[in-house]
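*Asks:* Questions regarding the structure given below will be posed in turn.
The values are calculated or read from the model by the stated rules, or taken from the named source; none is laboratory data. Please read all numbers here as calculations on a predicted model, not as lab measurements. Backbone-built Cβ (ideal geometry, glycine too); neighbour counts: all protein chains shown. Surface areas here come from the heavy atoms of the whole protein model, side chains and all, with no ligands, DNA or RNA. Shrake-Rupley method; radii C 1.70, N 1.55, O 1.52, S 1.80 Å.
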Amino acid sequence: MGFNDQEIVALAGAHALGRGHVNYSGYDGPWTFTPTRFNNAYFDLLLRLEWVPQTTNAGNKQFTDAKTKTLMMLPSDLVLIQDSSFRKFTEMYAGDNAKFLKDFSKAFQKLEELGTSNLRSVKLS
């Protein structure tokens, strides 16, 4: 799809919002303690907490935080700290919310405009 490692990590930060619902996705739980706030908490928690394997009621593998057992991460989330190419951006965003928000905005715009041509800016009055 044409995304580099930094853009992939930035877009994964959308997991700061919402939660998995086992009835719909097969995964269960929020990624952060503040699932209605868009910030870099996802990256901070991903790096700071210990994650242990768990199987959902739907039979899917996910990870839960060892301390509170209330948060979850997907296997794809854990790749962001296991792969050195992704980890450097995960660490950067965990330490700099403004940078995360700026980079997410750019990557999300790229995602939204993927495959389009002849886009132009319009002045809103």
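*Asks:* Of all residues in segment 80-119, count the ones that are within 15 Å of the chain's Cα centre (by Cα) and either of a type in the set (A, V, I, L, M, F, W, C) or at positive phi (or both).
*Replies:* 12
*Asks:* Which residue pairs have Cβ atoms closer than 9 Å, lie 6 or more positions apart in sequence or on different chains, and pair a first residue in segment 60-74 that is without any contact (Cβ under 8 Å) to a residue 40 or more places away in the chain and of a type outside the set (Lys, Arg) with a second residue that is open to solvent by 50 Å² or more (accessible area, probe 1.4 Å) and assigned to a loop (DSSP other than H, G, I, E, B)?
*Replies:* Going by the 9 Å Cβ cut-off, the qualifying pairs are 60/25; 60/27; 60/28; 64/70; 65/50; 66/50; 68/33.
*Asks:* Quick check on segment 31-40: of everything there that is under 25 Å from residue 58 (Cβ atoms) and touching a helix residue (DSSP H, G or I) at 6+ places or on another chain (Cβ under 9 Å), which residue is most open to solvent (accessible area, probe 1.4 Å)?
*Replies:* Filtering segment 31-40 for residues that are under 25 Å from residue 58 (Cβ atoms) and touching a helix residue (DSSP H, G or I) at 6+ places or on another chain (Cβ under 9 Å), the one most open to solvent (accessible area, probe 1.4 Å) comes out as 33.
*Asks:* Sticking with this structure for a sec: Any chance you could count how many residues in segment 46-99 are closer than 15 Å to residue 30 by Cα, charged (D, E, K, R) and in contact with a Phe, Trp or Tyr (Cβ under 8 Å, 6 or more places away or on another chain)?
*Replies:* The number of residues fulfilling the criteria is 2.
*Asks:* For segment 11-29, give me the residue count where each residue is part of a strand (DSSP E or B) and either crowded, with 19+ Cβ neighbours inside 10 Å or touching a Phe, Trp or Tyr at 6+ places or on another chain (Cβ under 6 Å) (or both).
*Replies:* Number satisfying all stated conditions: 2.
*Asks:* Identify all residues within segment 51-78 that are assigned to a loop (DSSP other than H, G, I, E, B) and either of a type in the set (Phe, Trp, Tyr) or out of contact with any strand residue (DSSP E or B) (no Cβ under 7 Å at 6 or more places or on another chain) (or both); write none if there are none.
*Replies:* Matches in segment 51-78: 57, 58, 59, 60, 67, 68, 69.
*Asks:* If you don't mind, there's one more thing I want to ask. Residues that are in a loop (DSSP other than H, G, I, E, B), out of contact with any Pro (no Cβ under 6 Å at 6 or more places or on another chain) and buried (at least 17 other Cβ atoms within 10 Å of the Cβ): does segment 84-107 have at least one?
*Replies:* Within segment 84-107, none of the residues are in a loop (DSSP other than H, G, I, E, B), out of contact with any Pro (no Cβ under 6 Å at 6 or more places or on another chain) and buried (at least 17 other Cβ atoms within 10 Å of the Cβ).
*Asks:* Tell me which of these residue 109 doesn't satisfy, since it passes every other one: (1) farther than 14 Å from residue 14 by Cβ; (2) modelled with pLDDT under 95.
*Replies:* Result: residue 109 fails condition (1) only.
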